[in-house]
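The values are calculated or read from the model by the stated rules, or taken from the named source; none is laboratory data. Values in this document were obtained by computation on a predicted structure and should not be read as measured data. All Cβ positions, even for glycine, are placed from backbone atoms using ideal geometry, and neighbour counts span all protein chains on display. Just so you know, the surface numbers come from the protein's heavy atoms only, side chains and all, with ligands and any DNA or RNA stripped out. Shrake-Rupley method; radii C 1.70, N 1.55, O 1.52, S 1.80 Å.
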Amino acid sequence: MPRGGSIVAVTGTTDVNRVEAPVTVRAYLIVAFAAFGGIFFGYDTGWMGGVLNMDYFINQYTHYEYPNIKYPGLASDSQEIKDYRKHFFVVPQWQQSLTTAILSAGTFFGAIIAGDLADFIGRRMTIIAGCGIFVIGGILETASTGLALMVVGRLIAGFGVGFISAIVILYMSEIAPKKVRGAVVAGYQFCITIGILLANCVVYATQSRRDTGSYRIPIAVQFLWAIILATGLFILPESPRYFVKKGKLDLAADALARVRGQPLDSEYIQDELAEIVANHEYEMSIVKQTSYIGSWASCFEGKITSPASNVRRTMLGICMQACQQLTGINFIFYFGPVFFQQLGTIKDPFLIGLVTTLVNVCSTPLSFWMVERIGRRNILIGGAFLMIIFQFIVGAIGATAGKDTPTHPANPNAVKAMIAFICLNIAAFATTWGPAAWIVIGEIFPLTIRSRGVGLSTASNWFWNCIIAVITPYLVADQDKSAKLGSNVFFMWGGLCCLSFMFAYFFVPETKGLTLEQVDKMLEETTPRTSRGWKPHSTFAGDLHLAEKPIEVAIGTEHVAPKV
């Protein structure tokens, strides 16, 4: 035994109700602060759509005259100015696609890289590194006065957001208590909505400026989120499961004690640590130890028909995030002001964008209760069903209201009804698919591939986010070489929600109220449609007889190999 340390015998338990320490205020505060990472995701989603519709930004990128200069003396809602804004005074489709989608391209690769990095330097330090990379990209975005530097800045910032968006979910899932894990991880989605709202508020306040402050101020505010998150994570503990994966059980015990607010020699800490170790030992016994490439390939091992196989879990996570994006929610937040401008009867599209964002924020807290009371699986199925109804209604109203043209102006009352059902659609998303998709990907992977599985799933989110950002201007814009779908695009989103409904019904298991280790056991013994009735009946520590043969861990010293 090293000098200055002591050996603690960590014994397991066969009691399925004692595999986790009681919930404390400390645990709530730690995961609540970690959820702050959602601000990055949300804020960056929120500011771009508003900036693309700013007069100064459009003037800078297109070099067309301001509408009031082009048509002096005319009211802002005159037909001449409306036609000028629709056909000329607007950022070209390809620039809208490029500036919006390039961040998602960066986050796609950042999320994949983050999985490996989180296993190498830890979950906490990977998030901090993401903050640093994000700041570099943000500096370039803020300094930009043209397309080239803006694109480079958003690409680099995207790498940082990719790190943060993937690993915050991983970190929260690994440290959150099982009884409230769904609720606190839903807090990540809540922070995303707050980020979108803050972005819209800042954009709304600066939209009328006719200097670079109109877009530089909204971009520069992002630095505050990076500083707060990085500073806080220097203080927070590392994930105990990361240390178990690295074989550093002494550090795992210390981190677990800090997370749970219990003394190191607490029986609760011993039981939970033993269960994590036993689960990891079991997973390692059935996973072949191989090369770096082989370890990535292990994410796709097994039969796709088996709910417990790695490939089934990986595809579940990837498809889950794809379905979340294909609900079309980010169409509203990326291009809301541009779309609302096209409806013709809305005088202040920025204000409507702010209202839809406020609906998103106010609806999300209801999910804290729903995910733990109703369950992940049920709200995903119900949420998809509601979005199908609301989006088809929006499309139907838009199809009958008519396009805004000099001969056939849009019906103002129909437009108001469209906005009302768009808000209902946002509320349905915010309480179901918004948080639940993130919760499920943080729960379904075994420890051996968890960081990479979450990384791949998050990369899928950003991949489809990027695709939507690229194609949407060409779907709805009233310009040449555009499909000019307008509000008919909601028929497409509603149809895709039908796929989300079927996916949730046939493939998503219920993970409510289970530890991450119990989720592994549940997936081995049941199917998604019967998972809600599964109850824990044994522990991994009990199966490996750790109650009779405890693990000896050196506490208060540098790492030594555990004695099992």
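Some points to look at:
- Subset of region 203-248 that is among the small types (Gly, Ala, Ser) and in a loop (DSSP other than H, G, I, E, B) - its residue that is modelled with the highest pLDDT: Ser239
- Within region 428-443, residues that are open to solvent by less than 10 Å² (accessible area, probe 1.4 Å) sit with their Cβ atoms under 6 Å from residues that are aromatic (Phe, Trp, Tyr), at 6+ positions apart or across chains, in these pairs: Trp438/Tyr188.
- Given (1) at pLDDT 90 or above; (2) under 30 Å from Asp77 (Cα atoms), index of the condition Gly398 fails: (1)
- Hits in region 253-282 (condition: open to solvent by 10 Å² or more (accessible area, probe 1.4 Å), in a helix (DSSP H, G or I) and polar (S, T, N, Q)): Gln270
- Taken over region 155-186, the criterion of being open to solvent by 10 Å² or more (accessible area, probe 1.4 Å) and modelled with pLDDT under 85 is satisfied by Lys178, Lys179, Val180, Ala183, Val184.
- Entry remark, region 115-125: residues being in a helix (DSSP H, G or I), open to solvent by less than 50 Å² (accessible area, probe 1.4 Å) and either small (Gly, Ala, Ser) or out of contact with any helix residue (DSSP H, G or I) (no Cβ under 8 Å at 6 or more places or on another chain) (or both) number 2 in total.
Residue by residue, here is whether (1) within 30 Å of Val135 (Cβ to Cβ); (2) of a type outside the set (Phe, Trp, Tyr) holds:
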{"position": "Gly232", "(1), (2)": "yes, yes"}
{"position": "Gly247", "(1), (2)": "no, yes"}
{"position": "Leu251", "(1), (2)": "yes, yes"}
{"position": "Tyr268", "(1), (2)": "no, no"}
{"position": "Leu273", "(1), (2)": "no, yes"}
{"position": "Val277", "(1), (2)": "no, yes"}
{"position": "Glu283", "(1), (2)": "no, yes"}
{"position": "Phe300", "(1), (2)": "no, no"}
{"position": "Gly328", "(1), (2)": "no, yes"}
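- Look at region 512-532: where a residue is more than 17 Å from Lys178 (Cα to Cα) and among the basic types (Lys, Arg) and a partner is at pLDDT 90 or above and part of a loop (DSSP other than H, G, I, E, B), sitting 6+ places away or on another chain with Cβ atoms under 9 Å, you get Arg529/Pro509.
- Region 417-427 - residue that is within 15 Å of Gly395 (Cβ to Cβ) and touching a residue at least 12 places away in the same chain (Cβ under 8 Å) and, of those, surrounded by the fewest Cβ atoms within 10 Å (Cβ to Cβ): Ala417
- Considering residues of region 195-216 that are out of contact with any Leu (no Cβ under 9 Å at 6 or more places or on another chain) and of a type in the set (A, V, I, L, M) only, the residue surrounded by the fewest Cβ atoms within 10 Å (Cβ to Cβ): Ala205
- Single residue of region 296-311 satisfying the filter (farther than 24 Å from Thr530 by Cα and touching a residue at least 40 places away in the same chain (Cβ under 8 Å)) that is most open to solvent (accessible area, probe 1.4 Å): Trp296
- Screening the candidates Ile156, Ile139, Ile81 for the property of being part of a helix (DSSP H, G or I) and within 23 Å of the chain's Cα centre (by Cα) yields one hit, Ile156.
- Some residue of region 105-114 being more than 17 Å from Asn461 (Cα to Cα), open to solvent by 20 Å² or more (accessible area, probe 1.4 Å) and not acidic (Asp, Glu): no
- Of all residues in region 483-495 being crowded, with 20+ Cβ neighbours inside 10 Å and hydrophobic (A, V, I, L, M, F, W, C), the one that is nearest to the chain's Cα centre (by Cα): Trp493
- In the condition set (1) within 18 Å of the chain's Cα centre (by Cα); (2) modelled with pLDDT under 80, Tyr43 is compliant with all but (2).
- Candidates Ala504, Ala469: the one that is surrounded by 24 or more Cβ atoms within 10 Å (Cβ to Cβ) and at pLDDT below 90 is Ala469.
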